[in-house]
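Readers should treat all values here as calculations from the given coordinates under stated rules, not as data from a laboratory. What you see is a predicted model; the values in this text were computed from it and never measured. Glycine gets a Cβ as well: all are built from the backbone with ideal geometry, and neighbour counts include every protein chain shown.
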Ligand SMILES: *Cc1c(COP(=O)(O)O)cnc(C)c1O
């Protein structure tokens with residue numbers, strides 16, 4: 001990996017996640033976190049966590065099935081049921097653990113899983129753990145998906161799994177069409193709303209809300225680690241589904257419950273998402289401004305439709321050089337290289353938040369144009 005310049009190392013951030021961060025001693029404009037609504041350092045989340053610690057302490061002490069099922073876990077699940085209009089909800093320790101737990105609990109060798117080629121790694125790992133038949137369809141290609149569904153229509157249990165908003169490309173899945181195909185071929189549907197919850201949908205409930213197909217999605221997974229500003233993940237769906245997961249999902253059973261204070265902070269984040277539509281509006285205003293400026297400057301932002309904007313430069317070394325020069329100019333946008341993205345699609349992955357000011361947005365555009373010009377990525 002070192003020889004191919006693909007070896008990665010950790011960089012230390014001092015202080016909190018905000019519109020700026022202090023990276024290895026230098027204050028930089030932060031355009032690469034998933035903290036879309038800026039809640040990761042919101043006083044109200046901190047206060048909710050502190051209040052919870054006064055009565056519930058810090059650690060959960062045990063698995064939730066032993067004695068670690070604390071009030072904060074259940075309150076968060078109840079809140080999610082109300083917010084998502086879902087019969088049931090189960091909180092997992094992280095998005096990664098939710099995906100590997102849900103998929104491996106529900107599907108096995110007699111079943112078949114259709115998965116978008118750009119789905120998150122945790123979905124792929126969950127599928128591998130499940131032992132189910134695994135068919136990848138080309139990214140958002142509904143013709144290819146239909147062909148596969150037809151080819152395997154004899155298999156009784158089928159599921160289509162997709163990210164809602166694709167994490168490295170910023171485009172959205174054609175959920176309306178996926179739901180239509182699922183009905184036609186009697187397939188289940190599972191979505192991963194990690195980047196969509198709090199970001200998209202009239203009330204911030206995600207892409208299923210955006211397409212008005214919430215009732216048609218069997219398994220709705222998402223995380224509290226991105227727009228919600230906290231940590232942990234959820235699965236929403238029927239009560240029976242929750243019973244199945246509580247009894248079968250190994251990443252739920254064999255792990256300690258989340259610290260209750262973390263769940264209290266997540267609950268507060270969900271409240272804020274419901275109460276402060278203005279945050280979502282600011283996020284989208286910033287997004288439209290920056291994406292518009294970058295495309296008119298000649299950058300290739302692919303099919304981005306969301307606050308995640310890729311600037312694909314293909315070559316890994318070039319992406320690294322791009323990132324390094326941006327740091328010199330006071331902006332942090334990380335280079336994303338294989339294997340996180342397919343070979344020869346190295347990119348800068350810009351992610352925008354509601355906390356960025358107009359000045360921040362203008363500055364990032366100006367600096368990207370300057371460095372992009374120097375590196376001949378734009379003319
Ligand atoms: C970030 C992410 C996850 C993992 O969530 P964590 O809570 O960070 O473990 C899962 N799926 C997608 C699509 C993600 O972007």
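Pull up the DSSP beta bridges for the chain and report the antiparallel fraction as a percent, rounded to 5.
Counting DSSP beta bridges with both partners in the chain, the antiparallel share is about 55 percent.
What number, in percent, do you get for the relative contact order of segment 1-136 if the mean sequence gap of Cα pairs under 8 Å and at least 6 apart is divided by its residue count?
Relative contact order here is 12 percent.
Suppose R0 equals 35 Å. What FRET efficiency, 1/(1 + (r/R0)^6) with r the Cβ-Cβ distance, do residue 314 and residue 41 give to the nearest 0.05?
0.50
Rounded to the nearest 500, what is the chain's calculated 222 nm mean residue ellipticity when only DSSP H runs of at least 4 contribute -39500 (n - 2.57) each, over all residues? Numbers along the way, then the final one.
Numbers: 13 runs with 154 residues, N = 379.
After summing the helix terms and dividing by residue count, I get -12500 deg cm²/dmol.
Mind giving me the nanometre distance, one decimal, between the label points for residue 254 and residue 133, set 7 Å out from Cα along Cα→Cβ?
2.8
Once you have the Cα-Cα distance between residue 156 and residue 62, take 0.36 nm times their residue separation minus that, and quote the gain in nm to one decimal.
30.1 nm is the gain from fully extending residue 156 to residue 62.
So for segment 329-379, what percent of the C-alpha to C-alpha distances run longer than 15 Å?
56
Write down the percent of antiparallel bridges among all DSSP beta bridges whose residues are both part of segment 139-262, to the nearest 5.
DSSP beta bridges in segment 139-262 are roughly 40 percent antiparallel.
Under 8 Å for C-alpha pairs, at least 6 residues apart: give me the relative contact order for segment 98-218, rounded to a whole percent.
21
Regarding the chain, what is the average projected area of its C-alpha convex hull, in nm²?
If you wrap the Cα atoms of the chain in a convex hull and average its projections, you get 18.8 nm².
What are the radius of gyration and Dmax of segment 60-164, computed over its Cα atoms and given in Å?
16.4, 49
I'd like to compare 215-221, 319-325: which one has the highest average count of other Cβ atoms within 10 Å, and what's the full order after that?
My ranking of the peptides, most packed first, is 215-221, 319-325.
For Cα pairs less than 8 Å apart in space and 6+ apart in sequence, what is the mean separation divided by the residue count of the chain, i.e. the relative contact order in percent? Walk me through the numbers before you get to the answer.
On the way: 773 pairs, mean separation 85.5, N = 379.
With pairs under 8 Å counted, the relative contact order is 23 percent.
When a/c reaches 1.5 or more, the comparison of a/b and b/c decides; with that in mind, is segment 216-260 rounded, prolate or oblate per its Cα gyration tensor? Before the final figure, lay out the partial values.
Values: a/c = 2.78, a/b = 1.16, b/c = 2.41.
Oblate.
Taking the simple approach of a point 7 Å from Cα along Cα-to-Cβ for both residue 109 and residue 177, what is their distance in nm?
Between residue 109 and residue 177, the simple spin-label model gives 3.5 nm.
Where the centroid of each part is defined by its Cα atoms, how far is segment 73-89 from segment 267-282 in Å?
Each part reduced to its Cα centre gives a spacing of 17 Å.
What order do you get for 18-28, 362-372 when each peptide is scored by the mean count of other beta carbon atoms within 10 Å, highest first?
Going from most to least packed, we get 362-372, 18-28.
Rounded, prolate or oblate: pick one for segment 121-168, where a ≥ b ≥ c are the square roots of the eigenvalues of its C-alpha gyration tensor, a/c under 1.5 means rounded, and failing that, prolate if a/b is larger than b/c, else oblate.
Details: a/c = 2.48, a/b = 1.17, b/c = 2.12.
Here segment 121-168 falls in the oblate category.
If R₀ is 22 angstrom, what is the calculated FRET efficiency for the pair residue 50 and residue 14, using the beta carbon separation as r and rounding to 0.05?
0.50
Just how many % of Cα pairs in segment 1-129 lie over 19 Å apart, if you round to the nearest whole percent? Please list the in-between numbers first.
Details: 5921 of 8256 pairs.
The share of Cα pairs beyond 19 Å in segment 1-129 comes to 72 percent.
Could you give the nm distance between label points at residue 5 and residue 142, where each point is 7 Å from its Cα heading toward the beta carbon?
4.0
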